[in-house]
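The values are calculated or read from the model by the stated rules, or taken from the named source; none is laboratory data. Just so it is clear, the model here is predicted, and its values are computed rather than measured. Heads up, the Cβs are rebuilt from the backbone with ideal geometry, glycines too, and the neighbour counts pull from every protein chain shown. Only protein heavy atoms, including side chains, enter the accessible area calculation; ligands, DNA and RNA are left aside. Shrake-Rupley method; radii C 1.70, N 1.55, O 1.52, S 1.80 Å.
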Amino acid sequence: MDFLEEAYGLKAREQDEAGAMLLGRVSYQAFSVVWPQMVDEFPKYNAMPKYVVSTTLAEGDLVEGWGTTTILRNLDEVAALKQAEGAPILVHGSATLARNLSDAGLIDRYHLLVFPWILGAGKRMWSDTDKPRQKLELVESEAYGNGVQKLIYDVVGFDPEV
């Protein structure tokens, strides 16, 4: 697939709009060894406060030099952060965390880049728990010449009639 810079413009916009980054432990441990050295590519990601949702990560496991990082132990702490934070909180990677946030009704907007590939296996984006359907409203979309599609959805409600 051809690399088209404009297909990734959403990532620059996310850096500009977000006030904090929320990560699961696995994504935190993967990103924290790479991103702090990528000061030109991710200047605002690197500077913004980070929150890691983990029951196992210890304070001593946090990487120095990657800005303020706080460990949250449960989704109640995430909900409290969401109420306190003024700007959007961005979630990168963190598939398990994203599924749990969705199940708990803690996601307001999805920024999706859909690539023209069908994988034979991989992580599910949404859980298979029995929960009310979430109604989404498309607020922005764009297709790029390399087949990538940008889709931005707001979560606008829940349907208890599943």
Expressed as a percent, the accessible surface of the range 12-80 that is carbon or sulfur, using a 1.4 Å probe and the full set of protein chains, is 54
Would you mind classifying the range 90-135 by shape? Square roots of the alpha carbon gyration tensor eigenvalues, ordered a ≥ b ≥ c; an a/c under 1.5 is rounded, otherwise it is prolate if a/b is larger than b/c and oblate if not.
prolate
Rounded percent of accessible protein surface that carbon and sulfur make up, the range 116-162, 1.4 Å probe
54
Cα centroid separation - the range 115-162 against the range 38-110, whole Å
21
Burial-style ranking of 109-117, 67-75, average other-beta-carbon count within 10 Å with highest first, yields 67-75, 109-117
Rounded if a/c under 1.5, otherwise prolate or oblate - the range 47-91, Cα gyration tensor axes:
oblate
The answer for the chain, accessible area per residue at 1.4 Å probe in Å², is 61
Which of Lys11/Lys131; Lys11/Lys82; Lys50/Lys82 exceed 23 Å between C-alpha atoms? The answer is Lys11/Lys131
If contacts are Cα pairs under 8 angstrom and at least 6 residues apart, what is the relative contact order of the range 1-72 in percent?
32
Write out the GluC sites (Glu not before Pro) in the range 1-79 meeting two conditions: DSSP loop, and at most 10 other Cβ atoms within 10 Å of their Cβ.
Glu64
